[in-house]
């Protein structure tokens, strides 16, 4: 890691194309159309949502739902809502006031393709439409309420937004392990954890199953971010679809900056193994989640 994934893991990942297509179909239906006024806002929203993302978070939600005996359709509202929130975070992350990146997913960032004001509003709209999707499309009000609670906590001050603030504050500061773990657990890990838990909730998971999924998600979320940290230092801009080396140039607090490349690779693999072990109570239905954990720490983009 981050060498290319083994052929069997690449085949597994490619085999999830059906889930990606289903997520894209639902997003296409549930987002405002580009021709609906105000057209520029809706064009900007769709520009970033349909920019070719990997859909890791929706896939996690769907696989978690399957692992507890639920259907893909049950997971789709939560899966699509979380992808909208993830996309909003990328739009805002690229803004000059944040990480100031001109490219995302291999093409101009939202604020470059449109303008800063439109990018801010597109992000705002994607955050709010996420909760509209959950409230309108989930057919069990009690489950929808729990999903809203999980997603709101993961996206807000106690999760992603809080992690982003800590990340900005840590730029150029002396390396600190506690701060690094806080940033990764909140900025990236919280929304990944919500993806898994909300998939489980949509599938009707019992509390012991949710506990197992929560442990899996915590480990996978941290492993995912460590892999991202490594790729920022070792991959090319073409592989990443965004500017490589920006974390190091900005003196961001990352795992490689604190521990070095090899120790970071070792920790990512350890976390993936812990995540896989946490799935034991769920039985063979959780095998795809285990494969996904392996893929996450071996990916090259």
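The values are calculated or read from the model by the stated rules, or taken from the named source; none is laboratory data. Owing to the predicted nature of the structure, the values given are computational and were not obtained by experimental measurement. Positions of Cβ are generated from backbone atoms using ideal geometry, with glycine treated the same way; all protein chains shown enter the neighbour counts.
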So which residues in region 166-179 are farther than 22 Å from residue 57 by Cα and either part of a helix (DSSP H, G or I) or in contact (Cβ under 8 Å) with a residue 40 or more places away in the chain (or both), if there are any at all?
-> 166, 168, 169, 170, 171, 172, 173, 175, 176, 177, 178, 179
Given the conditions (1) under 17 Å from the mean Cα position of the chain (by Cα); (2) touching a residue at least 12 places away in the same chain (Cβ under 8 Å), which single one is not true for residue 146?
-> (1)
Filter region 229-251 down to residues that are touching a helix residue (DSSP H, G or I) at 6+ places or on another chain (Cβ under 7 Å) and either modelled with pLDDT of 95 or more or assigned to a loop (DSSP other than H, G, I, E, B) (or both), then give me how many there are.
-> 3
Return the total of residues in region 176-188 being more than 18 Å from the chain's Cα centre (by Cα) and either within 14 Å of residue 86 (Cα to Cα) or exposed (fewer than 15 other Cβ atoms within 10 Å of the Cβ) (or both).
-> 3
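Kindly establish whether residue 89 is closer than 30 Å to residue 261 by Cα and buried (at least 18 other Cβ atoms within 10 Å of the Cβ).
Values: closer than 30 Å to residue 261 by Cα: yes; buried (at least 18 other Cβ atoms within 10 Å of the Cβ): yes.
Taking the combined requirement at face value, the residue satisfies it.
Let's see how each residue does on (1) buried (at least 22 other Cβ atoms within 10 Å of the Cβ); (2) over 26 Å from residue 290 (Cα atoms); (3) out of contact with any helix residue (DSSP H, G or I) (no Cβ under 7 Å at 6 or more places or on another chain):
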residue	(1), (2), (3)
139	no, yes, yes
147	yes, no, no
159	yes, no, no
166	no, yes, no
174	no, yes, yes
190	yes, no, no
199	yes, no, no
207	no, no, yes
213	yes, no, no
Go through the residues of region 70-83 one by one and say whether even a single one is buried (at least 19 other Cβ atoms within 10 Å of the Cβ), touching a helix residue (DSSP H, G or I) at 6+ places or on another chain (Cβ under 9 Å), modelled with pLDDT under 95 and not in a helix (DSSP H, G or I).
-> no
Would you be able to tell me the number of residues in region 195-213 that are over 19 Å from residue 226 (Cβ atoms) and assigned to a helix (DSSP H, G or I)?
-> 13
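If you go through region 99-113, how many residues are surrounded by fewer than 21 Cβ atoms within 10 Å (Cβ to Cβ) and part of a loop (DSSP other than H, G, I, E, B)?
Quick first cut of region 99-113, residues surrounded by fewer than 21 Cβ atoms within 10 Å (Cβ to Cβ) only: 100-103, 105-108, 112-113.
After this cut, where a residue has to be part of a loop (DSSP other than H, G, I, E, B) as well, the list is 100-102, 105-106.
Count: 5.
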Could you list all residues from region 46-55 that are under 20 Å from residue 18 (Cβ atoms) and crowded, with 20+ Cβ neighbours inside 10 Å?
-> 49, 53, 55
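Quick one: how many residues across region 114-127 are buried (at least 16 other Cβ atoms within 10 Å of the Cβ) and not in a loop (DSSP other than H, G, I, E, B)?
The first filter runs over region 114-127 and keeps only residues buried (at least 16 other Cβ atoms within 10 Å of the Cβ), leaving 114, 118-123, 125-127.
Still in the running and not in a loop (DSSP other than H, G, I, E, B): 118-123, 125-127.
Summing the residues that are buried (at least 16 other Cβ atoms within 10 Å of the Cβ) and not in a loop (DSSP other than H, G, I, E, B) in region 114-127 gives 9.
Looking at 130, 154, 170, which is the one that is over 21 Å from the mean Cα position of the chain (by Cα) and buried (at least 19 other Cβ atoms within 10 Å of the Cβ)? Spell out the reasoning first.
Details: 130 fails: over 21 Å from the mean Cα position of the chain (by Cα); 154 fails: over 21 Å from the mean Cα position of the chain (by Cα).
Unique residue meeting the criteria: 170.
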